[in-house]
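The values are calculated or read from the model by the stated rules, or taken from the named source; none is laboratory data. Not measured: the values here are computed from a predicted model. Heads up, the Cβs are rebuilt from the backbone with ideal geometry, glycines too, and the neighbour counts pull from every protein chain shown.
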Amino acid sequence: MAEKIIMDVDTGHDDMVAIVMAAGLQEIELMGIVAVSGNQVLEKTLSNTLKVCELIGADVPVFAGMDRPLLRPQLIGGDIHGETGLDGPVFPPLCKNAEPIHGVRFIIDTVLAHPHEITLVPVGPLTDIAMAMRLEPRLSSLVKKIVLMGGSMGKGNRTPYAEFNIFADPEAAHIVFSSGAPIVMMGLDVTLQVLLDDPLLQRFRSRRTKSATMFGDSMTFYTKACKAHGSEHPAMHDPCCIAYVAEPSLFTLERRDITVELQDKLTYGKTYASKSEDAIGNTWVGVKADAPRFWELLDRAFDSLP
Ligand code: RIB
Ligand code: CA
């Protein structure tokens, strides 16, 4: 039985890889994708999501989510994902349209229609998930699981203390982590173990399908941007969530209670993790990834895409 998931994305480069993986793997039934502001403004993250789905032939409904954080000023990651939010590939003219209802409403309606069956996979700021929890208080007890990309038990990547997705909307992250929902957190501790080096990039580009070529053009840009920001190779942050849903044994998790810094002006957005032995909550944090098996999974995803 395929895992029913709803993705919440701020499509950017690694979000695109997560969408490719989710669309290509038979272990996953992609019920819908909601775009949120994060890497770029909502207009661009929505457009990028539609373009990726259209190019890879993913017949999946796409929705617009929240266009700004709950409280803080809007923050975008344009410096690393470029002006479009997905610089690199050239997409054909866009024909696919977003669905008319709001993405937060789609999340609520779908979870209520399929109690305990839907896994939410947010890989951008948690604004939509927090809004859905506030609009429908039953949501946290009716989702099967939330597998999110965000946070870090060590250093941050937007500030020395905070990872981007949490930093962009820390209040939303607080709502989600304190909701009691079953959470798997794929933070920087584990996502930085899955790096795309040049031989891997060439291996995927050599597939010469349009999906793989889009991947290659995207990752070529993303690699240069990461290098310009001091990282040797781009990390597969967001697709780690999809890989976990498809094949949990790729990852080692530890039970940790996660809290989010909201007050301190220097460290806000930092995620604090309890010791494993002290954890009493429902959150499990990724600590180890089997990178070679991750790439095998991505290979298999591309096998089924045009
Ligand atoms: O810190 C990495 C996260 O921030 C990823 O989700 C990336 O897409 C950006 O949103
Ligand atoms: Ca993202």
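Of note:
- Checked against (1) within 13 Å of ligand 1 (Cβ to nearest atom); (2) buried (at least 24 other Cβ atoms within 10 Å of the Cβ), GLY77 passes all but condition (2).
- Scan the stretch 49-69 for residues that are touching a Lys or Arg at 6+ places or on another chain (Cβ under 9 Å) and within 18 Å of ALA132 (Cα to Cα) and the total you get is 2.
- Breaking point among (1) within 15 Å of ligand 2 (Cβ to nearest atom); (2) surrounded by fewer than 24 Cβ atoms within 10 Å (Cβ to Cβ), for ALA181: (1)
- Odd one out for GLY216 among (1) in contact (Cβ under 8 Å) with a residue 24 or more places away in the chain; (2) under 22 Å from VAL52 (Cβ atoms); (3) touching a Leu at 6+ places or on another chain (Cβ under 7 Å); (4) crowded, with 18+ Cβ neighbours inside 10 Å: (1)
- Taking the criterion of being within 14 Å of ligand 1 (Cβ to nearest atom) and at pLDDT below 95, the only residue of the stretch 63-74 that qualifies is GLN74.
- Condition check for ASP79: within 16 Å of ligand 2 (Cβ to nearest atom), of a type outside the set (Ser, Thr, Tyr) and within 21 Å of MET236 (Cβ to Cβ): yes
- The residues on offer are PRO137, PRO125, and the sole one that is touching an Asp or Glu at 6+ places or on another chain (Cβ under 8 Å) and within 20 Å of PRO170 (Cα to Cα) is PRO125.
- Of all residues making up the stretch 281-298, the number that are of a type in the set (D, E, K, R) and under 17 Å from the mean Cα position of the chain (by Cα): 0
- Options SER231, SER249; residue that is within 16 Å of ligand 2 (Cβ to nearest atom) and out of contact with any strand residue (DSSP E or B) (no Cβ under 6 Å at 6 or more places or on another chain): SER231
- Looking only at residues of the stretch 250-292 that are touching a residue at least 12 places away in the same chain (Cβ under 8 Å) and assigned to a helix (DSSP H, G or I), we find that the one that is surrounded by the fewest Cβ atoms within 10 Å (Cβ to Cβ) is ASP278.
- The stretch 51-71, subset assigned to a helix (DSSP H, G or I) and within 16 Å of ligand 2 (Cβ to nearest atom), residue farthest from the chain's Cα centre (by Cα): LYS51
- Listed by position, the helices (runs of 4 or more DSSP H) enclosed by the stretch 193-249 that each have at least 1 residues that are under 22 Å from PHE164 (Cα atoms) are 210-228, 239-246.
- When ASP189 is tested against (1) within 16 Å of ligand 2 (Cβ to nearest atom); (2) within 19 Å of CYS226 (Cα to Cα), only condition (1) is not met.
- Count of the stretch 144-158 residues which are assigned to a loop (DSSP other than H, G, I, E, B) and either aliphatic (A, V, I, L, M) or within 16 Å of ligand 2 (Cβ to nearest atom) (or both): 7
- Residues in the stretch 84-129 that are part of a helix (DSSP H, G or I), away from ligand 1 (no atom under 16 Å from the Cβ) and crowded, with 22+ Cβ neighbours inside 10 Å: 5 in all.
- For the stretch 154-195, the set of residues classified as under 15 Å from ALA289 (Cα atoms) and of a type in the set (A, V, I, L, M) consists of VAL184, MET185, MET186, LEU188, VAL190, LEU192, VAL194, LEU195, listed by residue number.
- Unmet requirement for SER141, which otherwise passes all of (1) in a helix (DSSP H, G or I); (2) more than 17 Å from GLY77 (Cβ to Cβ); (3) within 13 Å of ligand 1 (Cβ to nearest atom): (3)
- No other residue among ALA173, ALA162 is within 16 Å of ligand 1 (Cβ to nearest atom) and in a helix (DSSP H, G or I) apart from ALA173.
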